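Here's the structure we're looking at; comments come further down.
The values are calculated or read from the model by the stated rules, or taken from the named source; none is laboratory data. The structure displayed is predicted, hence computed values, not measured ones. Just so you know, the surface numbers come from the protein's heavy atoms only, side chains and all, with ligands and any DNA or RNA stripped out. Shrake-Rupley method; radii C 1.70, N 1.55, O 1.52, S 1.80 Å.
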Amino acid sequence: MSTVEFNNTLTSMESYLLAFAMNYTKNLEDAKDLTQDTMLKAIRYKDYYKPKTNFKAWIFTIMKNTFINNYRRKVRSNTIFDNSTDMFLLNNSTENRDSPYNYIADGEINAQLETLTPEYKEPFEMHYLGYKYKEIAEKLDIPLGTVKSRIFIARKKLMDQLPEYANYNN
């Protein structure tokens, strides 16, 4: 298939692509963007199209994969990776952290934190403040495995004492 034939076939599919994109996005502007991305990728990867095969199926597959990849990218964009050796994940939520609910929750959690013995409280607080497991181990002069264990146990104790916050994401 020549470049001209390919481009003519692709442009003749634009209205079908837009209708198909609406099934995914449910929004005209997003559907137009998805259609444009799909057409651009089709042009970029036209060498991968095998002549005498179903062009419509090929282009619709590109659209489906583009939509899925964009969706996954959007979901992941709310998570920041700390590329340290311990690989922590931080939630980059736009939720208002100064809400009354968060203020009350912080007070209740801090009150329960005070009930922990120092051997659990200190590593947990350091971890909460952003120290890496290795840094905590060095500062407290205890093995790395002990630090991880104590933080896990502190977290478990707090969850047991505060079951109403078991699904609380902050």
| query | Taking 1 over the mean of 1/r across every pair of different Cα atoms in region 1-71, what Kirkwood radius in Å do you get? | reply | 12.1
| request: Convert each backbone phi in region 58-75 into a coupling constant with the Karplus relation 6.51 cos²θ - 1.76 cosθ + 1.60 (shift: θ = phi - 60°), then list the ³J(HN,Hα) values in order as whole Hz, x for Gly and Pro. | output: 5, 5, 5, 5, 4, 5, 4, 5, 5, 4, 4, 5, 5, 5, 4, 4, 5, 5
| task | Return one whole number: the accessible area per residue of region 8-66 in Å², for a 1.4 Å probe. | result | 66
